[in-house]
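The values are calculated or read from the model by the stated rules, or taken from the named source; none is laboratory data. All of these numbers come straight from a predicted model, not from anything done at the bench. Note that we place each Cβ from the backbone using ideal geometry, even for glycine, and neighbour counts take in every protein chain shown.
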Amino acid sequence: MQKLYKSSVFIFLLSFQIGFAQQPVKPNSVDIYHQIQKLNFLGSVLYIAAHPDDENTRLISYLSNDKKARTAYLSLTRGDGGQNLIGTELRELLGVIRTQELIEARKIDGGEQFFSRANDFGFSKNPAETLEIWDKNQVLSDVVWAIRKFQPDIIINRFDHRSPGTTHGHHTASAMLSLEAFDLANNKNTFPEQLKFVTTWQPKRVFFNTSWWFYGSKEKFDKADKSNQTQLQIGTYYQSLGKSNQEIAALSRSRHQSQGFGSTGTRGEEDEYLEFLKGEKLNDKNNIFEGIDTSWNRIQGGKAIGDILYSVEKNFDFKNPSISIPELVKAYNLIQNLSDNHWKSIKTEEIKKIISACAGLYLEAVADVQEATPGSTVKVKLEAINRSSIPMTLNSFQTVPSVMTTMEITDLKNNKSVSKTVELELPIDSNYTNAYWLNENGTDGMYRVDNQLNIGLPDVLRDIAVTFFIEIQGTVIPFERKVIYKYNDDVKGEVYQPLDIVPVATSSIAEKVYIFNNDRTKAITVKVKAGKDKISGNVKLQLPENWSVSPSEIPFSLDRKGEEVMAVFNVSPSREISEVEIKSIVTIDNQTLDKQKIDINYPHIYKQMVLKPSVAKAIRLKIKTKNEKIAYIMGAGDEIPKSLQQMGYQVEIIKPENISAERLNPFDVVITGIRAYNVVNALAYKQKTLLDFVKNGKTMIVQYNTLDDLVSKEMSPYPLKISRDRVTEEDAEVRFLAPNHPILNYPNKITAEDFKGWKQEQGLYYPSEWDSAFTPVLSANDTGEKPKDGALLVAKYGKGNYIYTGLSFFRELPEGVPGAFRLIANMIAIGK
Ligand SMILES: [Zn+2]
């Protein structure tokens, strides 16, 4: 029987997003003055580290806001390998969130943002391993590219290149690559393919942004020889903003919400230390720009521009910034004649922003839809308003895609809005909106980006734009605006979102992993979503031949864009143990559509859409289970309950505050989610009830917790000391310390084979000391390290069993790693 039912959800307007992350910038007089000061400073700093959150926002804010330098942060990765404290996105989707968090952070501290193609593949103990998993040459090439493109005078490393093994391998690697790139960027024989687009560049000097932290204690740092260090007093109070530098830095750092880095600003003097590493030595240790002309005289033809712009700065009228416009337009014209293309393009963009801000010139291009499909027509409303007495005209505009539209030259009179609606035809071969670094399949260590010009760019590429050609003081200046979408929300007010180009239809499979633990057929639901009105076609599930699926395809039709339909397929597994990929494929008029669309909506970032192949994993296993009933107490968030249900267990998620002997009575096993003892306060006073549950003959399994902020010191019935021990090499050899222990033998015989195919790591925060009541079961270690025996500890307590494990079940089960399923089945069955 064909199953088809419709859900009448129109969710192209999701109601829980807040748009304040992307309101257009509306600069006031103080902002404009600050922009003019930055326009008149021709020096730059590139800060280099490995992850979102490594960057020192105090220093970035100081360099950008106090020194007025162009300041950028090159984060080698997008932070894909971390944990997510605000939602369930992991891996590349977490990378998308952290990318946006960095972009938002830079909007606050005034920096710019770059990345490399390196993938944050997870924790790495040393740079040698890191550079093996990354393609070292490619990442080095990306650092050289960033230097040649940004042309920093100064590079600052967050980490010490001389101390491998003392911090995350990515950290040390970032500093090593930075130093290597410092030596190579000016060599025309290094990565010569880049020189089609950029020139070679030699930064003046490179520093290491040291701190007491690298010395182990403040006392040690106080005593250290600082003759090679520059001390910067970064506690500037910005009177015009009413904020200290550290307060701005804290606001910026607090954008890292997925990492829980909310941060409180401080006030008053504070020092940062820069250790000189290479380049031209400083005579005056207080002037990091020594020997660099940071005035307009730096560039050929710059003096005349400086003459104009220094007086604009000096004579700036906070009550009426528009009086600067005639001089600014003169300077704009001189900038257009510069032969130095690097500074020409930077300063052109800066001065255009200043001119429009001084005029209160507001330009906007708003689409009538948030999502559109290739080949469709989008109505775009243009708005232009000049709010100054400076005469100007709107001469023409150009849309991308499409061509120049000449129009009657329209006066932009003071405070009189001009609007016009245009129809924009999207070419049938328009690119879908997507994080560009996810378009191609990369490797574990690298994203694949084929177009050199895109490498390092922080954000999703959005081509659809309108350029307004506005004549001011006899000069026609092009102002480009991306086409956006906005709507009014009754609660939040004006909400801005991007215009996304989406496929005509997308589909998604309900679960990421399906576990077939017997021959029985499972129903697999596929959701098809319309990207435009009135579509019809077929959807099918593709599986290898020895699996069967019925029906072979299901027809559907959808009337409205955003509408969804569910199609249910019956899938029977192969007889043999196997692991296969399921794909859902939609066919509409011979067009094959195989993507799923994932929306990411958080109030602190711009709405994101990611397109990925619509796939799931199906695994045929033969795991023996004993039909145990499991109570699960959620910790910081994981998908283990779903995985256990897939295995056939009855799983119930219990609210910590509802834990009582009575409530737990029907269950055989209690499992705590990851970091439960870090985040669930109720566990502190429910611990006795939980341990009594064990004492009375049941089982409790506690998954990893970190060292910081444990809600209770008595997590286990016997002393146990958590450490930072971890085994990050997912394929490290696992030795059986207690080969005859039931947990390795019943009901499933566990062998070395069961530790093959693990993802990212084996486990983390293993206990390093434990009471003799515990039996350590497994031992493993990363290359060159001592054995770590604390991955899986089992103790009898009363009539029951208590198990503490740092093994990464939260990664392995959702990824469908068979051995992890077999082992957890034995842990659940212990005592049976
Ligand atoms: Zn880091």
> Quick one: is E769 at pLDDT 95 or above, in a strand (DSSP E or B) and farther than 22 Å from N517 by Cβ?
Replying inline: yes
> Which number in (1) free of Cβ contacts under 8 Å to residues at least 24 places away in the same chain; (2) crowded, with 17+ Cβ neighbours inside 10 Å marks the one condition that Q497 misses?
Replying inline: (1)
> Would you say Y332 is crowded, with 21+ Cβ neighbours inside 10 Å, touching a residue at least 60 places away in the same chain (Cβ under 8 Å) and closer than 18 Å to F41 by Cα?
Replying inline: yes
>> For the range 165-175, give me each residue that is more than 10 Å from the ligand (Cβ to nearest atom) and surrounded by fewer than 23 Cβ atoms within 10 Å (Cβ to Cβ).
In response: G165, T166
> For the range 29-48, what are the residues that are within 16 Å of the ligand (Cβ to nearest atom) and under 27 Å from N297 (Cβ atoms)?
Replying inline: Y47
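Every residue, every condition in (1) surrounded by fewer than 21 Cβ atoms within 10 Å (Cβ to Cβ); (2) farther than 30 Å from L131 by Cα; (3) of a type in the set (G, A, S), yes or no:
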residue	(1), (2), (3)
V422	yes, yes, no
A435	no, no, yes
N441	yes, no, no
P458	yes, no, no
F469	yes, yes, no
R481	yes, yes, no
> What tally of residues in the range 534-554 results from selecting those that are farther than 23 Å from E511 by Cβ, surrounded by 13 or more Cβ atoms within 10 Å (Cβ to Cβ) and either at pLDDT below 95 or not small (G, A, S) (or both)?
Replying inline: 1
> Is it the case that L94 is buried (at least 24 other Cβ atoms within 10 Å of the Cβ) and modelled with pLDDT of 95 or more?
Replying inline: yes
>> Take S614 and tell me if it is surrounded by fewer than 20 Cβ atoms within 10 Å (Cβ to Cβ), within 23 Å of W758 (Cα to Cα) and hydroxyl-bearing (S, T, Y).
In response: no
> Looking at (1) away from the ligand (no atom under 14 Å from the Cβ); (2) crowded, with 24+ Cβ neighbours inside 10 Å, which is the only condition N84 fails?
Replying inline: (2)
> Any idea which of (1) more than 18 Å from the chain's Cα centre (by Cα); (2) within 16 Å of the ligand (Cβ to nearest atom); (3) of a type in the set (G, A, S) is the one S116 doesn't satisfy?
Replying inline: (1)
>> Could you check the range 560-589 and list, in sequence order, the residues that are surrounded by 16 or more Cβ atoms within 10 Å (Cβ to Cβ) and of a type in the set (A, V, I, L, M, F, W, C)?
In response: V565, M566, A567, V568, F569, V571, V580, I582, I585, V586, I588
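Sort out for me the strands (runs of 3 or more DSSP E) sitting completely within the range 375-426 that have 1 or more residues that are over 20 Å from K486 (Cα atoms) and without any contact (Cβ under 8 Å) to a residue 12 or more places away in the chain.
On the way: elements: 377-385, 392-400, 404-411, 418-425.
Of the strands (runs of 3 or more DSSP E) lying wholly inside the range 375-426, those with at least 1 residues that are over 20 Å from K486 (Cα atoms) and without any contact (Cβ under 8 Å) to a residue 12 or more places away in the chain span 404-411.
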> Under the condition of being among the hydroxyl-bearing types (S, T, Y) and in contact (Cβ under 8 Å) with a residue 60 or more places away in the chain, which residue from the range 49-68 is farthest from the ligand (Cβ to nearest atom)?
Replying inline: Y62
>> Suppose we filter E270, E280 for residues that are modelled with pLDDT of 95 or more, closer than 30 Å to Q83 by Cβ, surrounded by fewer than 19 Cβ atoms within 10 Å (Cβ to Cβ) and not hydroxyl-bearing (S, T, Y); which single one remains?
In response: E270
>> For the condition of a type in the set (S, T, N, Q), under 34 Å from the mean Cα position of the chain (by Cα) and surrounded by 14 or more Cβ atoms within 10 Å (Cβ to Cβ), what is the one hit in Q645, Q650?
In response: Q645
> Looking at the range 773-790, is at least one residue surrounded by fewer than 19 Cβ atoms within 10 Å (Cβ to Cβ), within 29 Å of K688 (Cβ to Cβ) and free of Cβ contacts under 8 Å to residues at least 12 places away in the same chain?
Replying inline: no
> What residue, of I335, I325, I292, I305, is modelled with pLDDT of 95 or more, more than 32 Å from the chain's Cα centre (by Cα) and part of a loop (DSSP other than H, G, I, E, B)?
Replying inline: I292
> Which members of the range 811-829 meet the condition of being outside any helix (DSSP H, G or I) and either at positive phi or at pLDDT 95 or above (or both)?
Replying inline: G816
>> Quick test for you: out of R98, R162, pick the one residue that is within 14 Å of the ligand (Cβ to nearest atom) and basic (K, R).
In response: R98
>> With surrounded by fewer than 18 Cβ atoms within 10 Å (Cβ to Cβ), at pLDDT below 95 and of a type in the set (D, E, K, R) as the only criterion, which of E657, E628 stands out?
In response: E657
> Which pairs have Cβ atoms under 7 Å, sit 6 or more apart or on different chains, and link a residue in the range 163-179 that is hydroxyl-bearing (S, T, Y) to one that is modelled with pLDDT of 95 or more and within 11 Å of the ligand (Cβ to nearest atom)?
Replying inline: S163/T172; T167/F159; T172/F159; S174/A49; S174/A50; S174/L76; S174/F159
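The rows are residues; the columns are (1) part of a loop (DSSP other than H, G, I, E, B); (2) modelled with pLDDT of 95 or more; (3) not β-branched (V, I, T).
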residue	(1), (2), (3)
V694	no, yes, no
I701	no, yes, no
D708	yes, no, yes
V711	yes, no, no
P717	yes, yes, yes
E730	yes, no, yes
A738	yes, yes, yes
I750	yes, yes, no
G757	yes, no, yes
>> Being in contact (Cβ under 8 Å) with a residue 40 or more places away in the chain, assigned to a loop (DSSP other than H, G, I, E, B) and of a type in the set (G, A, S) is the requirement here; does S356 meet it?
In response: no
>> Any residue at all in the range 201-209 that's crowded, with 19+ Cβ neighbours inside 10 Å, touching a residue at least 24 places away in the same chain (Cβ under 8 Å), closer than 30 Å to G268 by Cα and within 16 Å of the ligand (Cβ to nearest atom)?
In response: yes
>> Please go through (1) surrounded by 14 or more Cβ atoms within 10 Å (Cβ to Cβ); (2) modelled with pLDDT of 95 or more; (3) in contact with a strand residue (DSSP E or B) (Cβ under 8 Å, 6 or more places away or on another chain) for F191 and return the number of the only condition it doesn't satisfy.
In response: (3)
> Filtering the range 671-697 down to residues that are closer than 27 Å to L813 by Cα and polar (S, T, N, Q), which residue is surrounded by the most Cβ atoms within 10 Å (Cβ to Cβ)?
Replying inline: T672
